[in-house]
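The structure appears right after this line, and notes come after that.
The values are calculated or read from the model by the stated rules, or taken from the named source; none is laboratory data. Values in this document were obtained by computation on a predicted structure and should not be read as measured data. FYI the Cβ positions are ideal-geometry reconstructions off the backbone, even for glycines, and counts take in every protein chain you see.
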Amino acid sequence: MPRKSTPRESVAEQADAAADEGRCELAIVGDLTENATEFVDKLLGVEPGSECTIYFDSPGGNPYTANSLVSLLRLRGIRATGIVVGECSSAAIWPFAACDVRLVTPASVLLFHPMKWQSEEQVGIREAAEWSRHFSALEQEMDQLLIDLFGGSGPNAVGDLVRGWCQEHRYVTGRELAAAGLAELVDLTLLPWLCEPAAGEQ
């Protein structure tokens, strides 16, 4: 049976124990920005080059945080299976798209929209102008990254579809994402491979 963690165990201890058993499961739940340290620690607890399952239920957050999670997944060669168990919206879509296997349920929801930003109070005009320039470039880079992660590099229907969803501020259901070929639709029954014996177990 899969291992159950105890409340006193740290994130690192839980990840190490799961890795030892050949099963590593993580959850990205809540705001990316508020929980950035926790999510980064979780990914750092996964052995480089190994496999893990990531459950998503997040409304999004800072695009820089999303970019850092994508970078950790790719730079560490983590082969992730992402499962949207609730919501996976805004910036949370980037790390989900970075997963090698993407699963959704009929009730999964993903909100696509253009990047948003807010300036701090008492920002000087030069700083505001520079931030505007940077944000414009960042928005284009992040949009292209999302399309590339979904396998849509170059002119193709996937790129047009994702751009269209973002421009429309579109809520996309699990069924729609699967119909577009960007994820696999699963029903709410046990995923057999979650309970498969780890290597070396009988």
Q.
Considering only residues that are in contact with a Cys (Cβ under 9 Å, 6 or more places away or on another chain) and surrounded by fewer than 16 Cβ atoms within 10 Å (Cβ to Cβ), which ones fall in the range 70-108?
A. ARG79
Q: Starting from the range 75-93, keep only residues that are under 17 Å from LEU185 (Cα atoms), then list their pairs with residues that are part of a strand (DSSP E or B) and of a type in the set (Asp, Glu) whose Cβ atoms are within a distance under 7 Å, requiring at least 6 positions of separation or different chains.
A: VAL85/ASP57; GLY86/ASP57; GLU87/ASP57
**Q.** Number of the condition not met by ARG79 [criteria: (1) modelled with pLDDT under 95; (2) under 14 Å from the mean Cα position of the chain (by Cα)]
**A.** (1)
**Q.** Flag if PHE150 is modelled with pLDDT of 90 or more, of a type in the set (A, V, I, L, M, F, W, C) and under 18 Å from PRO63 (Cα atoms)
**A.** yes
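So that you can scan it fast, the table gives a plain yes or no per residue for (1) more than 25 Å from LEU190 (Cβ to Cβ); (2) modelled with pLDDT of 50 or more; (3) loosely packed, with under 14 Cβ neighbours inside 10 Å:
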residue	(1), (2), (3)
PRO2	no, no, yes
GLU25	no, yes, no
LEU32	yes, yes, no
ALA36	yes, yes, no
THR53	no, yes, no
(Q) Looking at GLU13, GLU9 in this structure, which one is at pLDDT below 95 and either in a loop (DSSP other than H, G, I, E, B) or under 27 Å from GLY181 (Cα atoms) (or both)? (A) GLU9
